[in-house]
Every structure is written in C-alpha cells, then in structure tokens.
Amino acid sequence: DLMVHAAARQRGLGRDLLDRLVGDRRPAVLVTHPDSGARRLYEAAGWTPTGTFTVFGGLDRVVYALAG
C-alpha cells in the first residue's frame, strides 16, 4: 500500500513515492479501489487502466499497468 496523509497531498509526494517504488522495474502493475482519488495520480504518471475484478466479499478493484 502507498498512502499520503491528507494534509500532505498536492505536493508531489505521492508521485515521488510511486516513482521510487517502481523505479526501472517495468512493466509494472498495480491494483486500486475504483473510487480512489489516487487514480488521477496514476493516470497522470502514465499508468493505464487495463481491467477490473471483484475480490472476496464483493470488493471491486481496478488494475493499472505501466509499460516497459
């Protein structure tokens, strides 16, 4: 999980953390909640939504990919 405290958002911290986590490891895949505000960050960083699925308990998830 990657999270930025609400008081620290909109400062580029999420993008920096994501870049450091992924680094040169591509292709890469991540999964998030469909209502996540972080989806804007992922798409701005070049991640592409590639599909959805439902996990145990009926929780929907969105899959994002970053090309290599």
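The values are calculated or read from the model by the stated rules, or taken from the named source; none is laboratory data. If you're wondering where the values come from, they're calculated on a predicted model, not measured in any experiment. Neighbour counts run over all protein chains shown; Cβ positions are idealised from the backbone, glycine included. Ligands, DNA and RNA are excluded from the accessible area calculation, which covers all protein heavy atoms including side chains. Shrake-Rupley method; radii C 1.70, N 1.55, O 1.52, S 1.80 Å.
Checked against the criterion of being modelled with pLDDT of 95 or more and open to solvent by 40 Å² or more (accessible area, probe 1.4 Å), the candidates Val31, Val63 yield just one match: Val31. Within region 1-19, restricting attention to residues that are assigned to a helix (DSSP H, G or I) and among the small types (Gly, Ala, Ser), the residue that is farthest from Tyr42 (Cα to Cα) is Ala7. For region 51-68, residues that are without any contact (Cβ under 8 Å) to a residue 24 or more places away in the chain and touching a strand residue (DSSP E or B) at 6+ places or on another chain (Cβ under 7 Å) total 5. For first residues located in region 26-50 and more than 11 Å from Val63 (Cβ to Cβ), partners that are part of a helix (DSSP H, G or I) and open to solvent by 90 Å² or more (accessible area, probe 1.4 Å) and lie 6+ apart or on another chain with Cβ distances below 7 Å form the pairs Leu41/Arg15; Ala45/Arg15. Within region 1-20, residues that are farther than 20 Å from Ala65 by Cα reach no partner that is open to solvent by less than 100 Å² (accessible area, probe 1.4 Å) and basic (Lys, Arg) with beta carbons closer than 9 Å at six or more positions or on different chains.
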